[in-house]
Amino acid sequence: MASSIETKSEKIKDLAQSFFHSALKLHVSFQCSEYLNDKAIVGWREFEDEISVNYPIKGVGITATRSNLDMVDGEYGGFLHLEEPLSATSVTDELHGFPYEAAAAAYLFTALEVYGNDILEIVSDITSVRLKTE
């Protein structure tokens, strides 16, 4: 039984290391995204020039009428138009709008919940082994 508990302890340790490694990677990604976003806001003219030439951004448009609500694809007369070109100025206007902190927190809490569920599954397994042997 001791080796089984040691194996489970090793699994928990591996899960913890993996979780914290992922959390640290998220932190770095978040910091980089926030930096690039702030840089684009401050240097918005250069940002608009760059995305106009090097990285045209596409959006989704909706043109709904009573006659086209039954069909989705805009290419065939439906209401949903994918890959609509956006002007650089409309993209720049949206830089302030993305909730980086909330998105990162939601992602991290979801990952933490999955981590907790995995730990609980292992611990429950250990508890059931102990109860059977006692």
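Values as computed for the structure displayed
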read-out	value
Selection within segment 71-127 - assigned to a helix (DSSP H, G or I), of a type in the set (Phe, Trp, Tyr) and more than 30 Å from residue 10 (Cβ to Cβ)	76, 100
Enumeration of residues in segment 14-61 that are surrounded by 11 or more Cβ atoms within 10 Å (Cβ to Cβ) and polar (S, T, N, Q)	18, 22, 29, 31, 33, 37, 52
Matching residues in segment 34-63 - criterion: being assigned to a loop (DSSP other than H, G, I, E, B) and either touching a Phe, Trp or Tyr at 6+ places or on another chain (Cβ under 6 Å) or modelled with pLDDT under 90 (or both)	54, 55, 56, 57, 63
Complete set of residues in segment 23-69 that are closer than 20 Å to residue 81 by Cα and either in contact (Cβ under 8 Å) with a residue 24 or more places away in the chain or of a type in the set (Ser, Thr, Tyr) (or both)	55, 56, 57, 58, 59, 60, 63, 65, 67
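Conditions tested, residue by residue: (1) in contact with a Ser or Thr (Cβ under 9 Å, 6 or more places away or on another chain); (2) within 30 Å of residue 115 (Cα to Cα); (3) surrounded by 10 or more Cβ atoms within 10 Å (Cβ to Cβ); (4) at pLDDT 95 or above.
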position	(1), (2), (3), (4)
12	no, yes, yes, no
65	no, no, no, no
68	no, no, yes, no
79	yes, no, yes, no
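The values are calculated or read from the model by the stated rules, or taken from the named source; none is laboratory data. Fair warning: this is a prediction, and the values are worked out from it, not measured in the lab. Backbone-built Cβ (ideal geometry, glycine too); neighbour counts: all protein chains shown.
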